[in-house]
Amino acid sequence: MAGYDHRSIAEELHEAELKAQAVSRITGRIPGFTLAEGYETQALLAELHRNRGERIVGRKMGMTSRPKMLQMGVNSPIHGFLTDVMEVSDGGELDLANRIHAKVEPEIAFFMGKKLSGQPSLAEAMGAVDCVVAALEIIDSRFQNFDFQLPDVVADNCSSSAFVLGGVRCRPGNIDLANLGITLETNGRPQQFGSSAAILGHPGRSLVELVKMLDAEDKVLSPGDLVLAGAATAAIPLERGSRVRGVFGGLGKVEMRVKA
Ligand code: OOG
Ligand code: MG
C-alpha cells in the first residue's frame with residue numbers, strides 16, 4: 001500500500017483521542033480506504049488500548065436506528081469495542097477537558113450470560129442474555145465535525161468514548177424490549193424521545209447482527225461480555241455543568257453530570 005499503513009492510522013487516531021485534537025477523515029485523504037481496512041485499523045487501535053493497560057469488557061453496535069442513520073448520514077450497522085476505563089459510574093461525572101466534541105445518546109445494554117456465536121435467531125440471542133440495563137453512551141468522534149464515512153468511523157472505534165450503566169439489572173423475560181419508551185433529558189428537560197423499537201425493531205436484533213458480524217471474523221460473545229445495542233434517538237452535544245438523565249420504561253434511569 002503506497003504512502004500509508006493501518007498501524008500509522010491507528011496511531012494517529014489514538015493520539016487524536018489522547019490529545020483531544022480532531023483529525024481529518026481518512027477517506028478524504030485515502031479515497032480507496034475500505035470498510036475491511038477500517039476494521040483492521042480498529043483491531044490495531046484495540047491493541048494500543050490494551051498496551052495502555054485497558055481491558056476490553058465488551059462491544060458496541062452503532063447505526064442501528066433510523067434517527068442515528070439520519071443524523072450521521074451513514075446507513076449500515078457497525079461495531080466497536082468497549083474498555084473498562086470508558087465506564088463512568090451511574091450518577092458520576094464526565095470531564096470534557098480530555099474530549100473533543102462529545103455527545104450523549106440513550107442505549108440499551110446487555111450482559112451476556114452464555115456464549116453466543118454463529119447465526120443466532122432473535123430468541124437464541126435473547127436466551128443468551130443474562131440481564132438488560134439502561135445505558136448512556138458518550139461518543140466523541142476523532143474526526144473534525146463528526147464528518148466521516150463508514151470506513152472512517154469503524155477505524156475510529158465507532159466514536160466510542162465513555163458509557164454509563166443504570167442500576168437496574170432486568171432479566172430479559174421480565175421486560176418487553178419490543179417497545180420500551182426512552183427519554184433523554186438534560187437539566188430535567190426532555191430533549192429526545194424514542195422507543196427501543198427504533199433499534200432494528202427490537203434491540204435483540206442488534207445483538208443478532210453483532211454476532212453475525214463477529215462470526216465473519218471467527219469471534220464470539222462470551223459470558224460476562226457487555227453489549228451496547230446502539231442509540232435509539234439522535235445524540236445531543238454535551239455542555240459543561242449539565243446534568244444528563246436517560247429514563248427507560250421498566251428499566252429505570254441512568255444519570256451523569258458533566259464537569260463544570
Ligand atoms: C458513530 C457511533 C454510532 C450509535 O449508537 O449509533 C453509535 C457516531 O455517531 O459518531 O454509537
Ligand atoms: Mg452509540
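The values are calculated or read from the model by the stated rules, or taken from the named source; none is laboratory data. All figures in this text were calculated on a predicted structure; none of them were measured in a lab. Heads up, the Cβs are rebuilt from the backbone with ideal geometry, glycines too, and the neighbour counts pull from every protein chain shown. The accessibility values were calculated without ligands, DNA or RNA, using every heavy atom of the protein model including side chains. Shrake-Rupley method; radii C 1.70, N 1.55, O 1.52, S 1.80 Å.
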Given (1) touching an Asp or Glu at 6+ places or on another chain (Cβ under 7 Å); (2) open to solvent by 20 Å² or more (accessible area, probe 1.4 Å), where does residue 27 come up short, assuming only one miss?
(2)
Is there a residue being open to solvent by less than 70 Å² (accessible area, probe 1.4 Å), part of a loop (DSSP other than H, G, I, E, B) and away from ligand 2 (no atom under 16 Å from the Cβ) anywhere in the range 189-200?
no
The conditions are (1) under 13 Å from residue 207 (Cα atoms); (2) within 16 Å of ligand 2 (Cβ to nearest atom), and residue 123 fails exactly one of them. Which is it?
(2)
Can you find a residue that is under 25 Å from residue 39 (Cα atoms) and more than 14 Å from ligand 1 (Cβ to nearest atom) anywhere in the range 182-203?
no
Would you point out which residue out of 254, 211, 258 is more than 24 Å from residue 63 (Cβ to Cβ) and crowded, with 18+ Cβ neighbours inside 10 Å?
258
Mind listing whichever residues of the range 109-150 are among the basic types (Lys, Arg) and buried (at least 16 other Cβ atoms within 10 Å of the Cβ)?
142
Log entry, pairs with first residue in the range 160-171 being on the phi < 0 side of the Ramachandran plot, second being among the basic types (Lys, Arg) and open to solvent by less than 70 Å² (accessible area, probe 1.4 Å), beta carbons closer than 8 Å, six or more apart or on different chains, reads 160/60; 161/99; 163/60
Residue among 71, 42, 21 that is at pLDDT 95 or above and either surrounded by 21 or more Cβ atoms within 10 Å (Cβ to Cβ) or under 20 Å from residue 206 (Cα atoms) (or both)
42
In the range 38-68, anything in a helix (DSSP H, G or I) and either closer than 18 Å to residue 229 by Cα or without any contact (Cβ under 8 Å) to a residue 60 or more places away in the chain (or both) is listed as 40, 43, 44, 47, 48, 49, 50, 51, 66, 67, 68
Given the conditions (1) within 16 Å of ligand 2 (Cβ to nearest atom); (2) in a loop (DSSP other than H, G, I, E, B); (3) open to solvent by less than 50 Å² (accessible area, probe 1.4 Å), which single one is not true for residue 82?
(2)
Scan the range 143-165 for residues that are of a type outside the set (Val, Ile, Thr), within 13 Å of ligand 2 (Cβ to nearest atom) and in a strand (DSSP E or B) and report the count.
4
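Each row is one residue, and each column tells you yes or no for (1) within 11 Å of ligand 1 (Cβ to nearest atom); (2) out of contact with any Lys or Arg (no Cβ under 7 Å at 6 or more places or on another chain); (3) among the aromatic types (Phe, Trp, Tyr); (4) touching a residue at least 40 places away in the same chain (Cβ under 8 Å).
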residue	(1), (2), (3), (4)
84	no, no, no, no
94	no, no, no, yes
99	no, yes, no, yes
104	yes, yes, no, yes
108	yes, yes, no, yes
122	no, no, no, yes
134	no, no, no, yes
144	no, yes, no, yes
